[in-house]
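Written out below as structure tokens is the structure these notes cover.
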Amino acid sequence: MRLPPSPLDAVFPRPTGSTAPADEPAPCVWVVDDSASEARFIKTALGTGFQVETFPDGAAMLERLHSGRAPDAVVLDWEMPGMSGPEVCQFLRSQPETEVLPVLMLTAHNRPEDLVLGLRAGANDYVAKPFRTEEVRARVNALVRTKRLVDAVRRADREKAEALAQLDALLISSPVGLSLLDRDLRFVRVNARMAKLDGLPPESYVGRKLGEVLPGMASRLEPVLRRVLETGEPVEELAFSMKPPDADAAGGELHLMVGFHPVRTPSGEVLGVGTVLVDVTRHKQAEAELHASGEFRERFLGIVGHDLRNPLNAIRMAASFLIAHEQMPAPLMRTAGRIVSSADRMTRMITELLDFTRSRLGGGIPLTPGAMDLGGLVRQVVEELELVHPSRVLKVTSAGTLTGSWDADRLTQVLGNLLGNALQYSPADSVVEVSLHGGAEQVIARVANQGPPIAPRELALLFHPFQRATTSAHVPSGLGLGLFISEQIVRSHRGTLTVESDAERTVFTLMLPRGP
């Protein structure tokens, strides 16, 4: 005999813990019972927190399975005409789409062997008759929560699989060698470009240590990789050579450029190391072939800059696509961000290389002059640098008319280089000063910064290609082409760019005629 409902059962609020997110519908529960009165009682017991649909027998419920929304849980009576509750449950468990569908069995059988039979048939839980409404509601609510947790895990697994598929697509399509290693320096992922170095298929790398796959390079590379894991700092542009796997004793060498970047969790823990490797053998061979010519270096750099633009753009676009993906895991998001940042830096270097080639082989850097205000251009460059260096102070003063006919983009390149160097080589608490003066026929701009003086020997070569100033407080970086290209741009404007440096400050002076 069924227990009468308590006074608290008169109104059924949404079950505690079953509140769905705003974009998720209320849990859907199917009640299968040949007694219409019992089905109605169960529906009332579940209350307004569920969407309840009733079925008179198992066959009717099974027909409904493939039309419309699937249930979050099934409440199944044991004794029914046709298919019994355990038989319906066994059928559900035999179907891939319902094998994990939560089932609550209602039974008047209290013998342990009967309950074991129901659980073996696939029921997740049972309630013995007569039952209290609170018990039915609580057990259904628990099954729904469990199902939604399982669904969330499955969604996360699908999203993870999709993200890994995107990563694999990036690895496959990349024109450079890419690999990921764990903290034990075991390969986790390797693309075909990287595997080609040892003549093995990519799957032969996975799970094996660096020393097992590439014993000839392990002694040199493992200390570098360990340092990246311990410090979390990347290592870039490490050059080395190796014998190709299919070369005989007299064969040539592969010339490679490699960079290592830490792979981090959202909390900052270093999980492993990502490797980017570029085979520069072809360019090395081109350099050797052009060595006898006085123009070998200029032509080589032009070829490198032009050839690298397309694959570099492909890498950046692929990484940007991953960043834009809403389901991208955080560690891969940061890795993709580092790829974009490195690609941008390489693009700037390629632009300098191409400008260098034009200046040496093409009769100077081409200009597109137009009427402009140098004062406005300086303020624009300063504002952009202040965003990048929020703790630094850049002071601008001006006097006279600052208009003329110049190439705004090229002068932006010059001013950005001069101000960037001033920030880079000056103390962090010092002020970088920019003074502008408009004369009758020309405009003069001076960029001054404090810091250690540039040695006279280096000062004389500062505007030469591949030359960089060194001080006790700063390690040179980049290609050493920035000031050379800046001076070439100023020359194309029929102006001059000079530098003075003493113990108090370093001053670059830019003089520009107002126009042709």
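The values are calculated or read from the model by the stated rules, or taken from the named source; none is laboratory data. The shown structure was predicted, so the numbers you read here are calculated from the model rather than taken from an experiment. When we count neighbours, we look across all protein chains shown, and the Cβ atoms used for this are built from the backbone with ideal geometry, even at glycine. Heads up: the accessible areas ignore ligands, DNA and RNA and are worked out on the full protein's heavy atoms, side chains in. Shrake-Rupley method; radii C 1.70, N 1.55, O 1.52, S 1.80 Å.
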For Gln90, placing the label point 7 angstrom along Cα-to-beta-carbon and taking the range 97-132, residues whose amide nitrogen sits under 14 Å are 117-123
Stretched fully, the stretch from Arg392 through Arg40 gains (0.36 nm per residue minus C-alpha distance, one decimal, in nm) 119.4 nm
Judged on accessible area alone, 1.4 Å probe, highest first, Arg208, Arg158 line up as Arg158, Arg208
If amide H atoms are modeled at 1.01 Å from N in the peptide plane, then the residues at a separation of 5 or more from Arg183, or on another chain, having amide H under 5 Å from its own are none
Calc'd 3J(HN,Hα), the range 275-283, phi into Karplus 6.51 cos²θ - 1.76 cosθ + 1.60 (θ = phi - 60°), Hz, glycine/Pro = x, comes to 10, 10, 10, 10, 7, 9, 4, 4, 6
Rounded to the nearest 10 Å², the accessible area of Lys160 using a 1.4 Å probe with every protein chain kept is 120 Å²
With all protein chains in place and a 1.4 Å probe, Thr368 shows an accessible area in Å² (nearest 10) of 110 Å²
Reported to the nearest 10 Å², Glu237 has, with a 1.4 Å probe, an accessible area equal to 110 Å²
Placing each pseudo-label 7 Å from Cα in the direction of the beta carbon, Asp409 and Arg111 end up separated by a distance in nanometres of 8.9 nm
With every protein chain kept in place and a 1.4 Å probe, the residues Tyr205, Tyr425, Tyr126 fall, from largest accessible area down, as Tyr126, Tyr425, Tyr205
Of Arg264, Arg379, Arg392, ordered by accessible area with the largest first and a 1.4 Å probe, the sequence is Arg379, Arg264, Arg392
Phi angles of the range 393-408, converted by Karplus (6.51 cos²θ - 1.76 cosθ + 1.60, θ = phi - 60°) into ³J(HN,Hα) in whole Hz with x for Gly and Pro, give 10, 10, 10, 10, 10, 8, 8, x, 7, 10, 8, x, 10, 9, 8, 4
Computed about the Cα centre, the charge dipole of the range 108-166 from +1 Lys/Arg and -1 Asp/Glu charges at the Cβ has a magnitude in debye, to the nearest 20, of 120 debye
On the formula 1/(1 + (r/R0)^6), with r taken between the Cβ atoms of Arg183 and His325 and R0 of 35 Å, the FRET efficiency rounded to 0.05 is 0.85
Taking r as the C-beta separation of Thr146 and Met333 and R0 as 30 Å, the FRET efficiency to the nearest 0.05 is 0.50
Simple spin-label estimate for Glu135/Thr401, 7 Å along Cα→Cβ, in nm, reads 9.8 nm
